[in-house]
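The block underneath contains the structure these notes are about, expressed in structure tokens.
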Amino acid sequence: MFVLRWLHRLEDALIVLLLFTMIALGVWQILLRNFFDASLVWIDPLTRHAVLWIGLLGAMIASRNDQHIRIDLVSHYVPPRLRRWLVLVVDLFTCGICALVAWYSTGFVIEEMDFGGQAFAGLPSWLVQVIIPLGFAVIGLRYAVLVVLGLLNRRPQPVEAPQS
């Protein structure tokens, strides 16, 4: 449990750090351009890659709390006894898709390592793209745990979105 809490805090800290860094570098770039007619060429690609990292870290955090966006029409019309199995199928499907994306994106990152491309400022491109397989692997693992909990009838109920 201690390790899990530590990993959750690491996810939270990373997303906050990345967002703060993105904002600070964006402001810095604006100031440089408007007042000094200069810019740092690596800030724009860094910001683009930071958006990727923030998106996947946010998805990881959402999966941690089972708060992903749901397009949920069917569960309102199925009987409660079937709803459990519907959620199980959706969790299994989510786990499978995430595992596939993690697998193929791992191959992509390995190819990027072999190719030796650079993202910006001499940083290897594979280093900024490693969040793709890592993020999807974590999400897939979390939904695999939900599948097992669902089979044991111990799955926590998904968090409902507030109605407006």
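What follows is calculated from the coordinates using simple rules that are stated; it is not laboratory data. Note that this is a predicted model, so its numbers are computed, not measured. Glycine gets a Cβ as well: all are built from the backbone with ideal geometry, and neighbour counts include every protein chain shown.
Within segment 98-128, restricting attention to residues that are touching a residue at least 40 places away in the same chain (Cβ under 8 Å) and surrounded by 14 or more Cβ atoms within 10 Å (Cβ to Cβ), the residue that is nearest to Val41 (Cα to Cα) is Phe120. Pairs please, first residue from segment 20-31 and surrounded by 13 or more Cβ atoms within 10 Å (Cβ to Cβ), second anywhere and not in a helix (DSSP H, G or I), Cβ atoms under 9 Å, 6+ apart in sequence or on different chains. Listed pairs, sorted by first residue: Leu25/Leu40; Trp28/Leu40; Gln29/Ser39; Gln29/Leu40. Cβ separations smaller than 8 Å between residues 6+ apart or across chains give the following pairs from segment 77-88 residues that are free of Cβ contacts under 8 Å to residues at least 40 places away in the same chain to residues that are of a type in the set (Val, Ile, Thr) and surrounded by 12 or more Cβ atoms within 10 Å (Cβ to Cβ): Leu86/Val78. Checked against the criterion of being surrounded by 11 or more Cβ atoms within 10 Å (Cβ to Cβ), of a type in the set (D, E, K, R) and within 24 Å of Ala137 (Cβ to Cβ), the candidates Arg84, Arg48 yield just one match: Arg48.
Considering each of Arg83, Arg64, Arg70, Arg33 in turn, give the residue that is within 19 Å of Leu146 (Cα to Cα), more than 24 Å from the chain's Cα centre (by Cα) and not aromatic (Phe, Trp, Tyr). Residue meeting the stated conditions: Arg83. Exactly one of (1) within 24 Å of Leu4 (Cα to Cα); (2) touching a residue at least 60 places away in the same chain (Cβ under 8 Å) is unmet by Cys95. Its number? Going through (1) within 24 Å of Leu4 (Cα to Cα); (2) touching a residue at least 60 places away in the same chain (Cβ under 8 Å) one by one, Cys95 breaks only (2).
Checked against the criterion of being in contact with a Phe, Trp or Tyr (Cβ under 8 Å, 6 or more places away or on another chain) and closer than 19 Å to Gly135 by Cβ, segment 60-69 contains one or more residues that satisfy it. Every condition in (1) more than 14 Å from the chain's Cα centre (by Cα); (2) without any contact (Cβ under 8 Å) to a residue 40 or more places away in the chain is met by Gly55 except one, and the failing one is (1). The set of residues from segment 8-30 being within 17 Å of the chain's Cα centre (by Cα) and small (Gly, Ala, Ser) comprises just one member, Ala13.
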